[in-house]
Amino acid sequence: MSTHPTKKVKLEDLPQCPYGSKCYRKNPAHFNEYSHSDCISTSVTPKVVTTDTNKTLPVCPFGATCYRKNLLHFAQYSHPFDLLNPDVDSSDEEEIKQTNKKNEIINDDKKRKKESEEEVDGDKTEEYDSNDESVYDVKLEKTFSKMTDDEKRLMIERAFELKEKLQEKLKKTREETEKRKKEIEELQHKISEGVLLMEGEEEILKGTKVKYFELFPERNCKQGSAAELHFRLAESQFYRLLSGYTTAKVTKVEYVCNPILINKFNQAREELKKKRGEEYSYPVLAFHGTAVTNIQPICENGFKVPGQEGFTHATDTGYYGRGAYFSEYPGFSMGYIKGSTKLLLCQILQGKVYHCTQLILGSALIDGYDSHCSPSKQELIIFRSDHILPQYIVHYKLDAGEFKYAATGATKEAIKKKLAKIGKLYKKAVATKDKKIFTGYNFAFIGQMADTPLAIEALVKRFGGHVCKNTVPFGGTIMTTGLFVNGYAATVPFDPPNIIICSIAEYEATTPSTELQAYKNMNYYVFYREDFLYDSIIEGTVKTLEDYVHD
């Protein structure tokens, strides 16, 4: 049996596809049914529908059955639902219904916009927000098939307008981020290359002694000043990735110049450059949160990483490796300190980083890599002490309120002169009329105050405060209920203070007193001067605690 080939249809006999050679459809049947030449004859010119706005759109040949999803297509072509039944004309009643429906949608849209800008009892309504990108998806899914061509085009125009606004906003955000990042990199480069030095720093770098330079925010812009450059670098890094602590303010920065650690770090950087290439040798600025008592030893002797001789402390076994942990996010490092407002800001060499995807408790450095990072990349783990250079001690305070420039004139000598006349200040406080300004404040006192303990306690109570009466048994450790000593339950309850007043003699003593050391053992690291109590009473309001911290 023989078969005859199917008779081919001539190209010129096929109806013209309205999209011509630019048609994007991939269905073979479509190409067999329509011609796709660029020459469109008048015989295949699509029908034209006139809209209420006197705008004309060509009719899509597929009408209501069109399956295309490109929004621009619906903005360019009409899709009447009666295309499959061209002999049926819409009645006047139907036109009125369509017009009323369109007017209702437009009025409803205006009403929703107005309501979205109003507040009811201080709370914003949950109505449609024209700036909310997701609303278009919902509206498209639920009502697009029932919209008129004008309504579809209006919605599409709004969608593109919103898209342009979002893109512009994103562009500005990226530009600001890149600008700040570039500024930090320039500052860091100047410092690392030794372009600017603090006064006397050149001589210090030739020796072995550690020098701390105190830096404060200044109103006057001293362009080219090394002090301002260091402060701005540390301050910018603190604010750049600060989250969760919107009211935190940098009050002071200590620039640490340790010649020995600087030389070791520079040598390690050169080794890394030869091993991995220059792109891997650039340091990263990252924060490290630790107890205040650890900061000075770290600045003077460097970090001790787990496994290194002299390493004695570890928070845990190391979720992502047994190394020293850092974070570019200051808020993350703040979670590891208690009772303190100081963070170390260090230069660290990451080299080639191994990105952890799961916990690798206590693991050593993965072969072929120089450091690890956590799955979120918020934690950086360094395994060599010479890859870490402690460079700044950032002092900050929370709930700072309005920013104020620090009064750098309040030197230690001026404070000592003030405390030398503390008796007069105390007598003035005693003569002040009672006012409950210390409600909720629990005080503890260490050392000799201006009067006897009973007299100080009576004064604190007059102004609404409470004095904690903790004893120091068992060799100088303050005991809390639930602890055990030599197998016996401790019976001394601990009354936790939130303000510890310490005399300057006790705080500056070569050997700390038993009571002072006991509080430090309980992770209390911030102690305040006696004049805080009297100044607050005299002025009738609680003074800023940070102004009375023992440094």
List pairs: first residue in the stretch 517-540 and acidic (Asp, Glu), second residue not in a helix (DSSP H, G or I) anywhere in the structure, Cβ distance under 7 angstrom, at least six positions apart or on different chains. Glu530/Met449; Glu530/Ala450; Glu530/Ile501; Glu530/Ser503; Asp535/Lys543
If you go through the stretch 125-163 one residue at a time, how many are modelled with pLDDT of 50 or more and either loosely packed, with under 10 Cβ neighbours inside 10 Å or touching a Phe, Trp or Tyr at 6+ places or on another chain (Cβ under 6 Å) (or both)? 2
Met479: passes all of (1) at pLDDT below 80; (2) surrounded by fewer than 17 Cβ atoms within 10 Å (Cβ to Cβ) but (2)
Residue satisfying all of: in the stretch 347-386; under 24 Å from the mean Cα position of the chain (by Cα) and among the charged types (D, E, K, R); least open to solvent (accessible area, probe 1.4 Å) among these: Glu379
Does the stretch 418-460 hold any residues that are in a loop (DSSP other than H, G, I, E, B) and within 27 Å of Gln517 (Cβ to Cβ), and which are they? Phe438, Tyr441, Gly447, Gln448, Met449, Ala450, Asp451, Thr452
In this structure, is Lys172 surrounded by fewer than 16 Cβ atoms within 10 Å (Cβ to Cβ), modelled with pLDDT under 90, of a type outside the set (Ser, Thr, Tyr) and not in a loop (DSSP other than H, G, I, E, B)? yes
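Results for (1) acidic (Asp, Glu); (2) touching a residue at least 12 places away in the same chain (Cβ under 8 Å); (3) farther than 19 Å from Lys304 by Cβ, shown as yes or no for each residue.
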| residue | (1), (2), (3) |
| --- | --- |
| Arg322 | no, yes, no |
| Glu328 | yes, yes, yes |
| Thr341 | no, yes, yes |
| Asp367 | yes, no, yes |
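The values are calculated or read from the model by the stated rules, or taken from the named source; none is laboratory data. Every value quoted in this text rests on a predicted model; they were computed, and no experiment measured them. Glycine gets a Cβ as well: all are built from the backbone with ideal geometry, and neighbour counts include every protein chain shown. These accessible areas exclude ligands, DNA and RNA; they are computed on the full protein's heavy atoms, side chains included. Shrake-Rupley method; radii C 1.70, N 1.55, O 1.52, S 1.80 Å.
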